[in-house]
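The values are calculated or read from the model by the stated rules, or taken from the named source; none is laboratory data. Since this is a predicted model, take the numbers as computed values, not measurements. Neighbour counts are summed over all protein chains in view; Cβ atoms, including those assigned to glycine, are modelled from backbone coordinates with ideal geometry. The accessibility values were calculated without ligands, DNA or RNA, using every heavy atom of the protein model including side chains. Shrake-Rupley method; radii C 1.70, N 1.55, O 1.52, S 1.80 Å.
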Amino acid sequence: MASLATPTTARPAPHTDPTARHVSVLSTGADLPGDPIDNATLEQVCGPLPEDVLQGIEVQHRHWVADPFTGRHHSGTAEMATKAARQALDRAGLTADEVDLLVMSTASPDNPLPAAGTLVQERLGLERCAVMEFRAGCVGAVQAMDTARRLLADGTYRTALVIGAESISPLLVPFYLGADPEKVRMRDRLTVHTFGDGAGAAVLRAGEEGSAVERGAPRPVFATQCLGGKRKPGMLVVGGGTDAPLAEQQRRKRLMDIRLDIPGTASFGPKVFVAGLRDMLDRSGLAMSEIDACVLPEGNAEYFSKEFEEAGLGTDEYASLQKNIVENLDAVGATGSAAVPLALDEGWRTGRVKPGDTVLLLAIEASRYLYAGLTLTWEADWSGVQGVAAP
């Protein structure tokens, strides 16, 4: 098996299309609903998890749109997405009316229709705007970022908002609300402890026609793949769809449910991770040591180390990757579509992602074992953001 440490293909050539526009990420933004919820709080409502399990999932805090004790909502997907978008626009020094493309990803919209992105459009006060939406989990935000980038590069649009947002807690509260915490199943406790809610956003802007060639920078590289076409889902959200008559759905124990294949994700998830990482390195021609920031939610999970070893990644290369991983799983939990943009925002604010850095965005999604990756050359300088001090 080929090593991940050295590139197996030539680097992508700079842009050759004389009309292509250079696309920059101007800023990011984020919104986390309410106060952080620690593990001790969840222990009160759904019972404890063994210490070794808590250490394995690594989540210490998460934010929920639902009150963990009552289940009442104090925010929602579109509201969080709008707040993250406004923050990103403010940091970029732009106004909402300059946005002509909005691309959003979520697996938990406020309603099936209209698309959650149009609710963000409304809240931003935009009468007209191109809106696209991905119905996906973790990979959706990376797919949305590349879609927006391409539509800016070819001159179709000038300024884009890319948003990943997720409200998972409304599916979690019914696992335990009204029940004796000690009688909540251990696998349900694990699900409750794992997930969080939030939204992350990025502002992208295209330069003048021909600016991509003038810059001479490497072309961004994108790849996505579903490896689970012949496997059962690693994560399945049931309810509110067309899989059964509504009357039948209403007779279920829970109107909506989230089901995890824990053994499947533990054994096959790391293989998806390694496949995605290898694909991106091969396509970009980059060596592991040339990646300055690998924005990779859950990238520090201990079970990845064995898979890296089996894939031919040496000790030095593994250490290089670990040194450059940008993630915040311990502080926000697994947040689906919001995971990559939240980690990117954290990395930019804390100086982990700096101008000139070669950045790899890599998302792994358990639902049907997908990955999506995108390489970028970072340009935005956090120290230039008005009203905030450099970290």
Residues of the stretch 225-261 that turn out to be in contact (Cβ under 8 Å) with a residue 60 or more places away in the chain and in a strand (DSSP E or B), as a count: 8
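Residue-wise test of (1) crowded, with 20+ Cβ neighbours inside 10 Å; (2) not in a strand (DSSP E or B).
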position: Thr19; (1), (2): no, yes
position: Ala30; (1), (2): yes, no
position: Leu42; (1), (2): yes, yes
position: Asp52; (1), (2): no, yes
position: Ala107; (1), (2): yes, yes
Flag for Asp188 being of a type in the set (Asp, Glu) and under 25 Å from Ser105 (Cα atoms): no
Test: residue in the stretch 352-362 that is part of a helix (DSSP H, G or I), open to solvent by 20 Å² or more (accessible area, probe 1.4 Å) and in contact with a Pro (Cβ under 9 Å, 6 or more places away or on another chain): no
